[in-house]
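The values are calculated or read from the model by the stated rules, or taken from the named source; none is laboratory data. Predicted model only: the values in this text are computed from it and were never measured. With ideal geometry, Cβ positions are generated from the backbone for all residues, glycine too; neighbour counts draw on all protein chains shown. Note: areas computed on protein heavy atoms with side chains; ligands, DNA, RNA excluded. Shrake-Rupley method; radii C 1.70, N 1.55, O 1.52, S 1.80 Å.
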Amino acid sequence: MAQSVASIALHGGAGPDPSKNYDKHEAHLRELARDAHKRLLDGESAMDAIVWAVKQLEDSGLYIAGRGSSPNANGEYELDASLMDGFTRRAGAVAAMRGFRSPVEAARAVMRETPHVMLVGAGAEEFARAQGLERVDDPADYYKPASDKKLATGELGHGTVGAVAMDAEGHLAAATSTGGVINKMPGRVGDSPVIGAGTWADKRVAVSCTGQGEFFMRAAAAADVSARIRYGGQDVEEATLGALQDMKRQGGDGGMIAIDGRGRVVMPFSSSGLKRACVHKDGRVESGVF
Amino acid sequence: MKRLTSAICFSALLFSAAASAQDNPEWAIALHGGAGVIERGDMSPAMEAEYRAALEDALRLGAGQLEIGASALDAVEVTIRTMEDDPKFNSGKGAVFTAAGRNELDASIMDGETLNAGAVAGVTRVRHPITLARLVMTDSPHVMLAGSGAETFAEEAGAELVTPSHFFTERRWQSLLRALEEKGLPAPDRPEGVPAPEEETVDDAALDLMEREHKFGTVGVVAVDREGNIAAGTSTGGTTAKLWGRVGDSPIIGAGTYASNESCAVSGTGTGEYFIRLTVASAVCDHVKYKGEDIQTAADAVIHGDLTELGGDGGVVAMTPDGAVAFSFNTPGMYRGHLRAGEEPKVMIYGDED
């Protein structure tokens, strides 16, 4: 008999602009978290629930992922995503992929349908075509960039969406998806599609990160959270805060959502904020932006 | 591969003793040239001697740099460059072919002092992917660039470009044709600008060995310099007949490469997908950092523990800032060697050498 508890957390990116109002984003995240939580209680797996939630986030156009992505310096929309199943430790990722509606769905197809973990660029597109995944035929019409911010030279962007969940079986899963910011260097791969950097799930913890991706890659941040729990004896709160503090010392900021093996949710950040919402295992809904 | 794993594990465990020195050396370098089913009798004595000489030459090159005060990062880069130019190894010239008949190269490098890192994936015209990875680290705000974007950056950053035929070798091409035939996939056209097939002959025994040893061929180097800083780098052509822009662990910081002065420097080689799913390189460092294990214990815990349990094959070379070196692998062999200040180079291939 499965336990009748589950928990889920979602994020819509770190580093919100303090001069802007994000009520719409917060309400959207709360609603999605509630719906995804209900799916979990109805017996949906953590993997299915996070893919469903991330697809909604991608399609909303509210965040820098999926429909809300911005074109890179070549005027093209290059998207990245990854996911990991904590029970089997299987994982999938796509990077610098153009022309498909749901990067997270493509990442799941890589996990399910290939012996590989990560596919990039034109090869990933060829695979997605062969899988019959939904295409974006007219990028100029489809994409509605959620951010009009242009990056200064050397500046690192923040936009990402992600989800982590523990299902009624106690299994964990994590997913992260990102679009781009205006003028992103073509071919740049951030932490979002990198297993261990932007996304991680095992039996101890599921993590999805957002922030200055290069710092998360150098720290292998998402996997570091698990290592702190496994080898350092830390709890999920100490582990995520410790990982963020280490990166802050290196000069990088961002946020994380994480759920441990008992369903405890944390959503810490070291940036100006983190668009976030969760449903704790007691059913309590929590959300915030700053 | 899988059927061999359980039989091999036990012997590999016995053969993975640490090569740690009594006193900390002034500098040290260690490398691998790929792991796999490499067993005594597979290679002709002449071929084996060639591999040993190549490993020793690479070690001496990097060691010479460290001796005159070069940084660990420089030593890692220069050593991998010479291995990238050596057609015996699956990186740079001599890389394996994708199913489409291309050489798509991946590399990464990490500086243990600053935690700066650079990586490239799927480049086809860059002579030294390891140098491009270092340029990503030093000359861009990013850590990883992939595909054509990485090559545009290579042009801007002044990395040496070559025509794709530079990477061609007859035996890798024949190996691709065999792999595609086995999979029932169509053979691509022979690349432009390469020698006609009859000019170089390849015997079947050599191909057999290559397919086993280079199922996950990679080169990787770790080093500690006179300042006590460590660095790691990895470069590869990936797997024969790979499809769809597959990226393995080599260009993934944390999976195939990791370095931190707080813990250790690691380069891995093996079934890349498993290395990614376990973040093998950073996991070895986590054992050192959070559990306080010595480098051999840490490397063995990840390779003979987690990796073997999950069903992955391969190995790592790892080094701590005090110059202690560990090799750990669950395959019958791994091309490998180390050289520390004041010592003679040590080069090994089979599991029973240490």
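Summary of values
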item: Strands (runs of 3 or more DSSP E) wholly inside region B:314-354 that include at least 2 residues being surrounded by 24 or more Cβ atoms within 10 Å (Cβ to Cβ) and touching a residue at least 24 places away in the same chain (Cβ under 8 Å); result: B:314-319, B:325-329, B:333-340
item: Selected residue (only one of A:GLN245, A:GLN234 is free of Cβ contacts under 8 Å to residues at least 24 places away in the same chain, surrounded by fewer than 20 Cβ atoms within 10 Å (Cβ to Cβ) and not acidic (Asp, Glu)); result: A:GLN234
item: B:THR152 vs. criteria surrounded by fewer than 24 Cβ atoms within 10 Å (Cβ to Cβ) and within 14 Å of chain A (Cβ to nearest Cβ); result: yes
item: Tally of residues being out of contact with any strand residue (DSSP E or B) (no Cβ under 6 Å at 6 or more places or on another chain) and either open to solvent by less than 10 Å² (accessible area, probe 1.4 Å) or touching a residue at least 40 places away in the same chain (Cβ under 8 Å) (or both) across region B:96-119; result: 9
item: Scan of region B:254-269 for residues that are open to solvent by 10 Å² or more (accessible area, probe 1.4 Å) and either in contact with a helix residue (DSSP H, G or I) (Cβ under 8 Å, 6 or more places away or on another chain) or under 24 Å from A:ARG98 (Cα atoms) (or both), ordered by number; result: B:TYR258, B:SER260, B:GLU262
item: Criterion violated by B:ALA30 - all others in (1) modelled with pLDDT of 95 or more; (2) not in a strand (DSSP E or B) satisfied; result: (2)
item: Which listed residue is touching a residue at least 40 places away in the same chain (Cβ under 8 Å) and crowded, with 24+ Cβ neighbours inside 10 Å, from A:ALA227, A:ALA175, A:ALA223, A:ALA219; result: A:ALA175
item: Options B:GLY158, B:GLY193; residue that is on the phi > 0 side of the Ramachandran plot and either modelled with pLDDT of 90 or more or open to solvent by less than 10 Å² (accessible area, probe 1.4 Å) (or both); result: B:GLY158
item: Candidates A:GLY121, A:GLY157, A:GLY162 - the one that is surrounded by 24 or more Cβ atoms within 10 Å (Cβ to Cβ), modelled with pLDDT under 90 and not aromatic (Phe, Trp, Tyr); result: A:GLY157
item: Test: A:ARG129 is within 14 Å of another protein chain (Cβ to nearest Cβ) and assigned to a helix (DSSP H, G or I); result: yes
item: Options A:LYS24, A:LYS38, A:LYS20; residue that is at pLDDT below 95 and of a type outside the set (Val, Ile, Thr); result: A:LYS20
item: Elements of type strands (runs of 3 or more DSSP E) contained in region B:215-304, each with 3 or more residues being more than 13 Å from chain A (Cβ to nearest Cβ); result: B:219-224, B:230-236, B:265-270
item: So B:LEU55, is it in a helix (DSSP H, G or I), more than 14 Å from the chain's Cα centre (by Cα) and surrounded by 24 or more Cβ atoms within 10 Å (Cβ to Cβ); result: no
item: Residue in region B:65-83 that is open to solvent by less than 10 Å² (accessible area, probe 1.4 Å), part of a loop (DSSP other than H, G, I, E, B) and out of contact with any Gly (no Cβ under 6 Å at 6 or more places or on another chain) present; result: no
item: Test result for A:ALA96, surrounded by 24 or more Cβ atoms within 10 Å (Cβ to Cβ), within 14 Å of chain B (Cβ to nearest Cβ), under 27 Å from A:GLY170 (Cα atoms) and within 20 Å of the chain's Cα centre (by Cα); result: no
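Residues checked against (1) under 12 Å from the mean Cα position of the chain (by Cα); (2) at the interface with chain B (Cβ under 9 Å from one of its Cβ atoms); (3) farther than 19 Å from A:MET267 by Cβ:
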site	(1), (2), (3)
A:GLY187	no, yes, yes
A:ASP191	yes, yes, no
A:THR199	yes, no, no
A:VAL205	no, no, no
A:CYS209	yes, no, no
A:ALA219	no, yes, no
